[in-house]
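Here the structure is laid out as structure tokens; the discussion comes afterwards.
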């Protein structure tokens, strides 16, 4: 059954809030503002849900889950099970599941549902006509406040021959109908690492090329080291400090020339996946007409309140030059509603922003890194608990990784944390909550948890802090108390 | 009197006396020094990187050899004249060998290539011009300059060459305009991608670079290097973290870090010597826990460090893929850990934790009694990875770096000879002071 064609509504006068881009930030802003009784217009040129739902987080997480299942099947013996005979990956079934999940989740934010909430949904290319108006599909929409949340798209790296040879990005990799036998992944950021591992586990022979000395850019060295080991264990052929010089087609093959310092090598593959970052979607918006300062490469300039150089226009998410926090696009949407419609003074910098790379193990972080803290002259100490110290991690066969809590030295104040664990994305939330609410390590150490759970690692790190404090007076008092009790 | 044939450890249930510590150390130190007698090219003083056939020379191993000669003189293994002659031969080679940007030169800007052809002294393979290995070489050069203080023409020339060679190193060039020193340079592609960041073995490099009378590193470079340190509590030990054990040892082979502190250590109330002691405890605790269930680690079987390995291969072990490495830097607790122990790393921990180090070494001899034939420990063993030996993989031959560090660390533990020499060496003193070290013997 196909959906009936969409007809854009007639504009309802001046909108309190006009939103361009129906990704996480745009959708939350639309729903929040509408719930408060604002007159809201939402413009999307493609699919509701944005990159996250359609090309990014959701499809990749779905495929990662299936790939993890195959890994677990192969490792069954380690868990006291039997390795199933003849494990064969049914790639069409994997992709069918991806589409099914995408369809299920997209129903939550359908145009009909948004319309029922009172949001005017427009499909088409939005273009500013002036400081307070936008055109879409031949209509002129006027606004009091606007939010640009058009996101970003995959970078097309200037590698000779790449365009001619053809390549995949996160935008089209989920359209594959068969698993590439040999896959070259260019880029060792979150997208490259997640998909390299997933495709390797689904049976591709993966070569991962990263032009930096470690994966995940500025992530903690120890986390990147563990990830590197995990990827190699999955059979991925890792090339760090390596650049892809050129690509060419030879018959059915794609041949890439690589160079690491002065060492040259050549790889032959069936597909190339590029994950080297994104560029903001600012083209075609005619931002000049609205007086919105921007840069084609970096994006729209915003202040800490997410306001652009036009005080009526706000921006959030990957389209911004500053504060690109894709993991809190929803929060950014709420900040914009508060600041744009209700004279709010909410700052993006006040947000505690956790993020996670969904490899196996996952790598999650919140707050400051040690190097960042030291750059700011903040004395910092790290309390580390290895996952192999955690009973539940051992029973689950998930001992790889650690919890690191970075605190201001001499205090229990949490500056940041890095978690590498099978479920790091979940574990980090407890630390984010503590940071958001000002809880220190003393408080975290006192939190009771069901035993055995992997979050014991957080309690143990907090307890390590408590034990590390000078205990002389406390110990003396306890001894005196017991001595009195014996008398 | 201890029998000449006393066992390193007594047989279970026997009343044999174990070999006394001093005798054991004598044999281990002598065995390690024997490497340099075997591996030297007597025509140019270069020393092979490993005892394997066709091995090139390593400039770091030459630096260790130059230092080890002084130990050998004090121990009576080498006549002073003989040691001085070998030293002069070596220094003359470095003085006269080709410096320049040609791909087959011996060095450039006063630095030297990591590996040199043992015979010709020219750059081996397409290896990098190496600041850290040059620093290790110059630690040896300066040790020789500090030790050979007699008025003989040989020793006068040694001192002059020591000063001259050190003075011509353009340490500042090695920053490539950045805050910290680059890991290397190649004539084919320029500076290597990344710099010396995080706590690593580069302390010696910075100290020598800062003290240069001609092309010094700026003090800001040391601050930039230490800015990437992490002070961490692991297994209830507070320490400046570095995974592989050799990082906690290499600079200590020459520099006596006891009770002297830079800004970072002053803030933490510790020093680098104490830090290395704690690193030993962390290594031992990791081995006790044996998180990867190799079953071969234990309180006396520890030592994850840079060293030889079973080779690049995968094996299924208890239903999981285990990946093995060739020569690499293994570390705890974050890995990589393929089950390979570097016995020399445990031995080189002697100055920091003598009892633990000796207990581990005795255990190694229990596992491999045949090692008493040479009293020389191999670079690594791995009882999980298969090899020609039914007890698993054992590294073939010997690595000069391991043997040299063992000679120096045993001597530092026994008499502090190298530390004393270097404490009197102006480049070491000045470099430490410029790095902000205070206290202890620097007062």
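Observations
Every residue, every condition in (1) within 22 Å of the chain's Cα centre (by Cα); (2) within 14 Å of chain A (Cβ to nearest Cβ); (3) touching a residue at least 60 places away in the same chain (Cβ under 8 Å); (4) part of a loop (DSSP other than H, G, I, E, B), yes or no:
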residue	(1), (2), (3), (4)
B:137	yes, no, yes, no
B:144	yes, no, yes, no
B:155	no, no, yes, no
B:163	no, no, no, no
B:201	yes, no, yes, yes
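- Single residue of A:235, A:251 found to be within 14 Å of another protein chain (Cβ to nearest Cβ) and at positive phi: A:235
- Filtered residues of the range A:268-279 (kept if in a loop (DSSP other than H, G, I, E, B) and touching a strand residue (DSSP E or B) at 6+ places or on another chain (Cβ under 7 Å)): A:270, A:275, A:276
- Qualifying residue in the range A:135-144 (condition: within 22 Å of residue A:69 (Cβ to Cβ) and either assigned by TED's automatic domain parsing to the domain that holds residue A:269 or crowded, with 22+ Cβ neighbours inside 10 Å (or both)): no
Per-residue answers, yes or no, for (1) more than 27 Å from residue B:320 (Cα to Cα); (2) touching a helix residue (DSSP H, G or I) at 6+ places or on another chain (Cβ under 6 Å); (3) within 13 Å of chain B (Cβ to nearest Cβ):
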{"site": "A:386", "(1), (2), (3)": "no, no, yes"}
{"site": "A:394", "(1), (2), (3)": "no, no, yes"}
{"site": "A:415", "(1), (2), (3)": "yes, yes, yes"}
{"site": "A:447", "(1), (2), (3)": "yes, no, no"}
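- Of all residues in the range B:54-98, those satisfying the criterion of being outside any helix (DSSP H, G or I) and either within 26 Å of residue B:396 (Cβ to Cβ) or touching a strand residue (DSSP E or B) at 6+ places or on another chain (Cβ under 9 Å) (or both) are B:54, B:55, B:56, B:57, B:58, B:77, B:97, B:98.
- Among the residues of the range B:176-195, the ones that are away from chain A (no Cβ under 12 Å) and crowded, with 20+ Cβ neighbours inside 10 Å come to 2 in all.
- Taken over the range A:363-375, residues that are away from every other protein chain (no Cβ under 11 Å) and surrounded by fewer than 19 Cβ atoms within 10 Å (Cβ to Cβ) amount to 0.
- With respect to (1) surrounded by 20 or more Cβ atoms within 10 Å (Cβ to Cβ); (2) over 24 Å from the mean Cα position of the chain (by Cα); (3) modelled with pLDDT under 95, the lone exception for residue A:275 is condition (2).
- Number of residues in the range B:201-237 that are more than 16 Å from residue A:374 (Cα to Cα), surrounded by fewer than 23 Cβ atoms within 10 Å (Cβ to Cβ) and in contact with a helix residue (DSSP H, G or I) (Cβ under 7 Å, 6 or more places away or on another chain): the value is 12.
- Counted residues, the range B:268-289 - those being part of a loop (DSSP other than H, G, I, E, B) and out of contact with any helix residue (DSSP H, G or I) (no Cβ under 9 Å at 6 or more places or on another chain): 1
- Residue list for the range A:239-264, restricted to those being over 12 Å from residue A:184 (Cβ atoms), in contact (Cβ under 8 Å) with a residue 24 or more places away in the chain and touching a strand residue (DSSP E or B) at 6+ places or on another chain (Cβ under 6 Å): A:241, A:243, A:245, A:246, A:248
- Residue in the range B:239-256 that is touching a helix residue (DSSP H, G or I) at 6+ places or on another chain (Cβ under 6 Å), crowded, with 22+ Cβ neighbours inside 10 Å, under 26 Å from residue A:368 (Cβ atoms) and facing another protein chain (nearest Cβ under 9 Å) present: no
- Residue list for the range A:120-134, restricted to those being touching a helix residue (DSSP H, G or I) at 6+ places or on another chain (Cβ under 7 Å) and within 11 Å of residue A:44 (Cβ to Cβ): A:121
For (1) without any contact (Cβ under 8 Å) to a residue 24 or more places away in the chain; (2) assigned by TED's automatic domain parsing to the domain that holds residue A:126; (3) crowded, with 17+ Cβ neighbours inside 10 Å; (4) on the phi > 0 side of the Ramachandran plot, each residue gets a yes or a no:
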{"residue": "A:22", "(1), (2), (3), (4)": "no, yes, yes, no"}
{"residue": "A:31", "(1), (2), (3), (4)": "no, yes, yes, no"}
{"residue": "A:55", "(1), (2), (3), (4)": "no, yes, yes, no"}
{"residue": "A:105", "(1), (2), (3), (4)": "no, yes, no, no"}
{"residue": "A:108", "(1), (2), (3), (4)": "yes, yes, no, no"}
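- Any hit, the range A:95-110, residues being at pLDDT 95 or above and in a loop (DSSP other than H, G, I, E, B): no
- The residues of the range A:197-216 that are under 15 Å from residue B:194 (Cα atoms) and within 13 Å of chain B (Cβ to nearest Cβ), listed by number, are A:210, A:211, A:212, A:213, A:214.
- Subset of the range A:464-485 [over 33 Å from the mean Cα position of the chain (by Cα), within 14 Å of chain B (Cβ to nearest Cβ) and in a helix (DSSP H, G or I)]: A:467, A:468
- Whether a residue is under 21 Å from residue A:318 (Cβ atoms) and not in a strand (DSSP E or B) was assessed, and residue A:37 does not pass this test.
- Residue in the range A:341-361 that is within 14 Å of another protein chain (Cβ to nearest Cβ) and under 26 Å from residue A:228 (Cα atoms) present: yes
- Leading residue by the ranking (surrounded by the most Cβ atoms within 10 Å (Cβ to Cβ)) among those in the range B:154-175 that are more than 19 Å from residue B:92 (Cα to Cα) and touching a helix residue (DSSP H, G or I) at 6+ places or on another chain (Cβ under 9 Å): B:174
- Qualifying positions in the range A:194-213 - over 13 Å from residue A:235 (Cα atoms) and crowded, with 20+ Cβ neighbours inside 10 Å: A:194, A:195, A:209, A:210
- Residue check, residue A:156 surrounded by fewer than 20 Cβ atoms within 10 Å (Cβ to Cβ) and closer than 30 Å to residue A:223 by Cβ: yes
The values are calculated or read from the model by the stated rules, or taken from the named source; none is laboratory data. Only a predicted model underlies this, so the values are computations on that prediction, with no experimental measurement involved. Cβ coordinates were reconstructed from backbone atoms using ideal geometry, including for glycine residues, and neighbour counts include every protein chain displayed.
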